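The values are calculated or read from the model by the stated rules, or taken from the named source; none is laboratory data. It should be emphasised that the depicted structure is a prediction, and the values quoted were computed from it without experimental measurement. With ideal geometry, Cβ positions are generated from the backbone for all residues, glycine too; neighbour counts draw on all protein chains shown.
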Amino acid sequence: MFHEGLLVVISGPSGTGKGTVLGLLRQSTPNIVFSVSATTRAPREGEIDGINYFFKTVDEFKAMIEADEMVEWVNYCNNYYGTPKKFVDECKQQGNNVLLEVEVEGALNIKRKYPDSVLIFIVPPSFEELRRRITGRGTENPEVISQRLEQAKVELKFIDRYDYVVVNNTLKQAVEDINSILKAEKLKTSRNSRIIEHLDFKDA
Ligand code: ADP
Ligand code: 5GP
């Protein structure tokens, strides 16, 4: 039996395939809830407010910071992104596993606040493949693409601060790898102290 929900943080360079992998994980792994971040960037085609992000104006976002409603927030490539606090804390207390997709700075801030969180870094098979994917997605203009590819090089330097690395070569393998991580994390002795305490071998 597992008592407190896992807090799982996923990062990786823009275009690696995080959204795609997490979409599949959502279908195959029902006992995970996904935290919805707030952002000031414009919605991409097909993105829905409250599902992909809470889309905010800069003033609305700043008001959330002022009201201490964020676990963490950053300015990434000229837009604000942040994790609303209420949802994460409620999920954890209710014993639900909660998954957050955030960039590196946010991930490290979450680890500081929640030392038992699980940090997973998803990487593409190569930088060239990353370029192909982000360009092929067709959602950013060339200037934003080169900004994000530069940011990818910076982000990769922090990979050793993460607990796990998953290569998104094939989607199937990447989803399987994340599921294996979740399974192993749930079986850690440190997360199962109540079971261990209740084992009574004294009279055996
Ligand atoms: P991110 O959320 O990391 O920015 P996306 O999930 O939007 O990345 O994926 C970027 C592009 O790469 C999308 O066009 C997606 O279809 C494609 N993609 C994702 N994973 C793979 C994969 N394993 N193999 C090939 N293409 C992929
Ligand atoms: P995108 O604009 O591609 O959706 O996201 C850009 C980057 O912002 C990604 O690396 C994504 O993981 C990160 N991001 C999304 N939400 C948050 C958040 O709440 N906090 C932080 N720190 N980063 C976020």
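Quick look at the numbers
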| item | result |
| --- | --- |
| Options Phe87, Phe121; residue that is within 14 Å of ligand 2 (Cβ to nearest atom), under 22 Å from Glu185 (Cβ atoms) and in a strand (DSSP E or B) | Phe121 |
| From Glu66, Glu72, Glu47, residue being within 11 Å of ligand 2 (Cβ to nearest atom) and without any contact (Cβ under 8 Å) to a residue 12 or more places away in the chain | Glu47 |
| Selection status of Ser190, more than 17 Å from the chain's Cα centre (by Cα), in the same structural domain as Leu100 (by TED's automatic domain parsing), in contact (Cβ under 8 Å) with a residue 60 or more places away in the chain and more than 28 Å from Ala42 (Cα to Cα) | yes |
| Residue that is buried (at least 18 other Cβ atoms within 10 Å of the Cβ) and assigned by TED's automatic domain parsing to the domain that holds Arg137, where the choices are Gly82, Gly12 | Gly12 |
| Flag for Lys113 being within 18 Å of the chain's Cα centre (by Cα), outside the structural domain of Gly12 (by TED's automatic domain parsing), charged (D, E, K, R) and away from ligand 1 (no atom under 16 Å from the Cβ) | no |
| Tally of residues being more than 10 Å from ligand 1 (Cβ to nearest atom) and touching a helix residue (DSSP H, G or I) at 6+ places or on another chain (Cβ under 7 Å) across the range 116-144 | 6 |
| Selected residue (criterion: farthest from ligand 2 (Cβ to nearest atom)) from residues of the range 143-165 that are of a type in the set (A, V, I, L, M, F, W, C) and farther than 25 Å from Asp177 by Cβ | Ile145 |
| In the range 8-49, residue nearest to the chain's Cα centre (by Cα) [restricted to those that are modelled with pLDDT under 95 and assigned to a strand (DSSP E or B)] | Phe34 |
| Selection status of Leu182, among the aliphatic types (A, V, I, L, M), farther than 30 Å from Glu45 by Cα and surrounded by 11 or more Cβ atoms within 10 Å (Cβ to Cβ) | yes |
| Sole residue being within 14 Å of ligand 2 (Cβ to nearest atom) and outside the structural domain of Glu45 (by TED's automatic domain parsing), chosen from Glu197, Glu140 | Glu140 |
| Hits in the range 50-64 - residues which are under 27 Å from Ala152 (Cβ atoms) and not in a loop (DSSP other than H, G, I, E, B) | Tyr53, Phe54, Phe55, Val58, Phe61 |
| Residue in the range 82-90 that is in contact with a Lys or Arg (Cβ under 6 Å, 6 or more places away or on another chain) and either in contact (Cβ under 8 Å) with a residue 24 or more places away in the chain or on the phi > 0 side of the Ramachandran plot (or both) present | no |
| Subset of the range 98-109 [surrounded by fewer than 21 Cβ atoms within 10 Å (Cβ to Cβ) and either outside the structural domain of Val8 (by TED's automatic domain parsing) or within 9 Å of ligand 2 (Cβ to nearest atom) (or both)] | Glu103, Glu105, Asn109 |
| Conditions (1) surrounded by fewer than 15 Cβ atoms within 10 Å (Cβ to Cβ); (2) in a helix (DSSP H, G or I); (3) of a type outside the set (A, V, I, L, M); number of the one not met by Arg133 | (1) |
